[in-house]
1. Averaging over every viewing direction, what projected area does the convex hull of the Cα atoms of region 63-121 cover, in nm²?
2. Strictly greater than 23 Å: what percent of every Cα pair in the chain meets that?
3. Given the Cα-Cα distance of R76 and N265 and 0.36 nm per residue of separation, how much length would full extension add, in nm?
4. Can you compute the charge dipole magnitude of the chain about its Cα centre, using +1 on each Lys and Arg Cβ and -1 on each Asp and Glu Cβ, nothing else charged? Give it in debye, rounded to the nearest 20.
5. Would you kindly state how much longer the chain becomes between N257 and D227 on full extension, computed as 0.36 nm times their sequence separation minus their alpha carbon distance, in nm to one decimal?
6. Using only Cα atoms, tell me the angle between helix 34-51 and the longest principal axis of the chain; keep it within 0 to 90° and round to the nearest 10.
7. When only Cα pairs under 8 Å and 6 or more residues apart are kept, what is the percent relative contact order across the chain?
8. What is the gain in length, in nm to one decimal, between Q234 and D182 on full extension, counting 0.36 nm per residue of separation less the C-alpha to C-alpha distance?
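A short reminder: the numbers here are calculations on the coordinates, not readings from a lab. Everything quoted here is computed from the prediction, not taken from an experiment. Note that each Cβ is placed from the backbone with ideal geometry, even for glycine, and that neighbours are counted across all protein chains shown.
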Amino acid sequence: MYITLPEKLQATLSAVLIVGALCSGAAHAEPVDPQPQERGLEIAVEADKRDAGFGDSRNSMEMVLRNRHGEETERRMRSKTLEQENDGDKTLIVFDNPRDVKGTAFLSFTHKSGPDDQWLYLPALKRVKRISSSNKSGPFMGSEFAFEDLSSQEVEKYTYKYLRDEVWEERDHFVIERVPVDPKSGYSRQEVWLDKDHYRVWKIDFYDRKGDLLKTLSASDYKQFLDEYWRARQFAMVNHQTGKSTDLYFNDWQFDNGFSDQDFNKNSLRRAR
């Protein structure tokens, strides 16, 4: 999840404005108005700040994959996450069923800068496969979620622009644009809807490298934990180009589990049950 130190805001903002200016076009292009970029970054940093400090968490998940004809396949998994003080989160996902994917495990180390480290353990082969940064846009276990969607969305991974205020599903939202810094991202940009009350993400439109709308993620049924941290009970990802969709249902949230870095390494992939 987002973890940003207040004293880094000025440096991060300067980098955003410089990148925006360099990408604005030819040498004779009109100057870029910094206000939308600054406002977009402020919103992202506030959302980041509100979710910092949760420590660790665990939950169970149900994944429902749906093809363009409406036929469904179900999978069940477990997930645990460890927050890092000066870096992105560490996450481990283990599949429990069906039998053909049971024991498959995915480990992700998200970083604030540079490519994330991700590994997949395939029990049939009894080996750990590293996910290269060039494959991060590929589908995760046949779902409509890409490997990069499973990383914690660190502020430093994007440049930002405030687009508008919008009422959607009877809630007031900020709508911001974020552009991945990583040139190997599968997305050219994303539009994100965050509610004005708690800065929770309710919707994300993902645009492919050609600039066409690729997918939409919708979040629903938020619940608050520890009187502070909000978690959605459902994510629905729809692929507009293929007609496929994937729903993720989250249950049994638990915090303060006492996880350590030893619970999140390549050896933990092999022993995950």
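1. Details: hull surface 20.9 nm².
Quarter of the Cα hull surface area: 5.2 nm².
2. On the way: 20512 of 37128 pairs.
Beyond 23 Å sits 55 percent of the P(r) for the chain.
3. On the way: separation 189, 0.36 × 189 = 68.04 nm, distance 2.19 nm.
Gain in length upon complete extension: 65.9 nm.
4. Numbers: 41 positive and 47 negative charges, 319 e Å.
The dipole magnitude comes to about 1540 debye.
5. Numbers: separation 30, 0.36 × 30 = 10.80 nm, distance 1.69 nm.
Between N257 and D227, full extension yields an extra 9.1 nm.
6. The two axes meet at around 30 degrees.
7. Values: 592 pairs, mean separation 55.1, N = 273.
20 percent.
8. Working: separation 52, 0.36 × 52 = 18.72 nm, distance 2.75 nm.
Taking 0.36 nm per residue and subtracting the Cα distance, the gain is 16.0 nm.
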